[in-house]
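What follows is a short report on a single structure.
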Amino acid sequence: MNRLLSVSMRIGVLMLQSGAEIYRVEDSIYRIHRAYCASESQVYCVPTTVIASVSLPDGKTATRCVRVNSHCTNLSRMMALSDLCRRICLLKPDFDTIDREVDRILSMPVYKSWQMCVAWALVSAGFTMLFGGGFLESALSLIPAVLVALLSFPLGRLHVNAYFNLLLESFCIGAISMSFSFVFPAIHSDAIIIGVLMNLVPGLALTNCIRDVMAGDLTAGVSKLADVILTAVSIALGAVGAAVLMGGGF
């Protein structure tokens, strides 16, 4: 029973950390428990905590609580874990096999630094043109996009507060973008700023927030909404601070 809890909670926590919705995490843990003949399973999940209780037919019951401190967006890992849950429910492998499969999923390659920089650059160039910029603005947006993408890697390794990271990154985006006005007075620096800032917008978090509320997980939905609002405020404060420092405006 303890091994069942350990395996199911490990999968659930990894799914939550990878960006999965609350109902997906709860349903996955519940189905794993029932696949191994649990007579009853109760799972409660919020963005920072997973609690699961399992009862066996012989009357034994165990409960485990895991604190979730870090989150990221890794849809490939989340989909691989979801597929593993389906195979567990279908094939019911032994727990050692499940642990080896989870280790294999964790060892899956992630995007390299240069790939992230290219993604930031393409997103920035596209959104800059979408928000009224021309080819010059789109080309100039590549500079703050790549520089801030490179800045995000050491900040991530230092485990600095996420909101401070966003504030610092948006400040750098605003300052670098507005400095182009000294060389090219006719450019629309606001389009560059908005285009690059789109890399920081929490689109997945907002989508999951709405899905959680619609699924009835109000506590999780409201907490994610608070996170989205704080993220937006941090981005706005950083950009506005850069505008004030550079003596410009939007």
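Readers should treat all values here as calculations from the given coordinates under stated rules, not as data from a laboratory. These numbers come from a predicted model, not from an experiment. As a convention, Cβ positions derive from the backbone with ideal geometry for all residues, glycine included, and neighbour counts pool all protein chains shown.
Using a Förster distance of 41 Å, how high is the FRET efficiency between residue 107 and residue 186, based on the Cβ-Cβ distance and rounded to 0.05? Walk me through the intermediate numbers first.
Values: r = 51 Å, r/R0 = 1.24.
Efficiency, rounded to the nearest 0.05: 0.20.
Relative contact order, whole percent, for the chain stands at 18, derived from Cα pairs under 8 Å and 6 or more residues apart.
How large is the direction-averaged shadow of the alpha-carbon convex hull of the range 2-106, in nm²?
Values: hull surface 23.2 nm².
Averaging across all directions leaves 5.8 nm² for the Cα convex hull.
Once the Cα atoms are used to define both axes, helix 142-158 deviates from the longest principal axis of the chain by about 40 degrees.
Please identify which residues in the range 18-62 have an amide N closer than 18 Å to a label point set 7 Å out from the Cα of residue 218, following the Cα→Cβ vector. Those under the cut-off are 22-23, 44-47.
Under 15 Å from the Cβ of residue 152, count the other residues' Cβ atoms, weight Lys and Arg +1, Asp and Glu -1, and hand me the total. Before the final figure, lay out each step's value.
On the way: positive: 112, 157; negative: 169.
Summing Lys and Arg as +1 and Asp and Glu as -1 gives +1.
Of the residues 122, 90, 73, the one whose Cα sits farthest toward the positive end of the charge dipole of the range 46-135, with +1 on the Cβ of Lys and Arg and -1 on the Cβ of Asp and Glu, is 122.
I need the semi-axes of the equivalent ellipsoid of the range 113-246: take the C-alpha gyration tensor, multiply each eigenvalue by 5, square-root it, list largest first in whole angstrom. Don't skip to the answer; put the middle values down first.
Values: eigenvalues 156, 50, 42 Å².
That gives 28, 16, 14 Å for the three semi-axes.
Given R₀ = 35 Å, what would the calculated FRET efficiency be for residue 1 paired with residue 232, taking r from the Cβ atoms and rounding to 0.05?
Values: r = 44 Å, r/R0 = 1.25.
Computed FRET efficiency for residue 1 and residue 232 comes out at 0.20.
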